[in-house]
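**Student:** Below you will find the structure I want to go over with you.
The values are calculated or read from the model by the stated rules, or taken from the named source; none is laboratory data. For clarity, every value in this text was computed on a predicted model and none was experimentally measured. Here the Cβ is made from the backbone with ideal geometry for all residues, glycine too, and neighbour counts use every protein chain on show. Heavy atoms of the whole protein, side chains included, go into the accessibility calculation; ligands, DNA and RNA do not. Shrake-Rupley method; radii C 1.70, N 1.55, O 1.52, S 1.80 Å.
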Amino acid sequence: MKKLFLLATLWITNSFQAQVTTVVSAFTQNLTKNDLPFQGDRKMFATGINDTRTENVLVVSKNKSGAVNDELFIEKFTKTPEGYAKSFSTVFKHPVNKSLAFVNNRMMYSDADKDGNAEMLLVVDENEAGPESPLQKIWGVLVYKNVAYKLWVTAEDNFTETKYDAHFSTLPEKVKTDFLAFWNTLDKAN
């Protein structure tokens, strides 16, 4: 009986640890700049991402439609006793408006290093000259400890060879392995 109780306790403990990241969308659908000071003029996507240590809101926004260039902002706001504070930000720029697109159905949230903080992989498509033009590059943004580590594939080699920014190799091996396994399953050519 003691063994059964011990096994049940271990299973319950592991189940709770496995569910480190919770994606919530409570107030994010109607989120405005009055709620959180995100950089862009237009909110494209927002969701709550809570882990065992923090409550967060991820916001993706863009500059004005019709602007000469395209800017896509990815920002994370973390709840503090005073309210939400920006804890992460990265920006993508393109010379032609409507060339950058956040792909919200190709994301991964995890606590690969088991520190209680969620890591995430976000995907951005980059078209040559607007949404109807050929896909030029697919970016992956791995957010680890509120720092962006970027990887990408390009049309030049039919989206088959992943390239990495200079500091990607400094990521912990478990984080790289888990997120690259997900990245490699994505159908990037379509």
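**Student:** Quick one: how many Å² of Tyr84 are accessible to a 1.4 Å probe, rounded to 10?
**Tutor:** 80
**Student:** From largest accessible area down, sort Ser169, Ser89, Ser99; use a 1.4 Å probe on the protein chains.
**Tutor:** Output order, biggest surface exposure first: Ser169, Ser89, Ser99.
**Student:** Could you work out how far the C-alpha centroid of the range 138-190 sits from that of the range 66-122, in angstrom?
**Tutor:** 15
**Student:** Which of Lys43/Lys188; Lys33/Lys93; Lys93/Lys114 have a Cα-Cα distance over 27 Å?
**Tutor:** The answer is Lys93/Lys114.
**Student:** Let me ask something additional. If I take every Cα pair under 8 Å that is 6 or more residues apart in the range 123-190, average their sequence separation and divide by the length, what percent do I get for the relative contact order?
**Tutor:** Here the relative contact order equals 21 percent.
**Student:** Then there's this: If Glu71, Glu82 are ordered by their accessible area, calculated over protein heavy atoms with a 1.4 Å probe, which sequence runs from highest to lowest?
**Tutor:** From most accessible down to least: Glu82, Glu71.
**Student:** At 1.4 Å probe size, with no ligands or nucleic acids counted, give the accessible surface of Leu180 in Å², nearest ten.
**Tutor:** Leu180 exposes around 40 Å² with every protein chain in place.
**Student:** Please compute the modelled spin-label separation between Tyr84 and Asp113, points set 7 Å along Cα→Cβ, answer in nm with one decimal.
**Tutor:** Spacing of the two 7 Å Cα→Cβ label points: 2.5 nm.
**Student:** Three principal axis extents, largest first, for the C-alpha atoms of the range 101-190, in Å?
**Tutor:** Sorted from largest, the Cα extents of the range 101-190 read 42, 22, 21 Å.
**Student:** Another question, then. Counting only Cα, what are the radius of gyration and maximum Cα-Cα distance Dmax of the range 131-173, in Å?
**Tutor:** Answer for the range 131-173, Rg first and Dmax second: 12.3, 38 Å.
**Student:** Can you work out the Karplus-derived ³J(HN,Hα) for every residue in the range 111-123? Use 6.51 cos²θ - 1.76 cosθ + 1.60 with θ = phi - 60°, whole Hz, and x for glycine or proline.
**Tutor:** So the Karplus estimates, Gly and Pro as x, are 10, 4, 8, 6, 9, x, 10, 6, 9, 8, 10, 10, 10 Hz.
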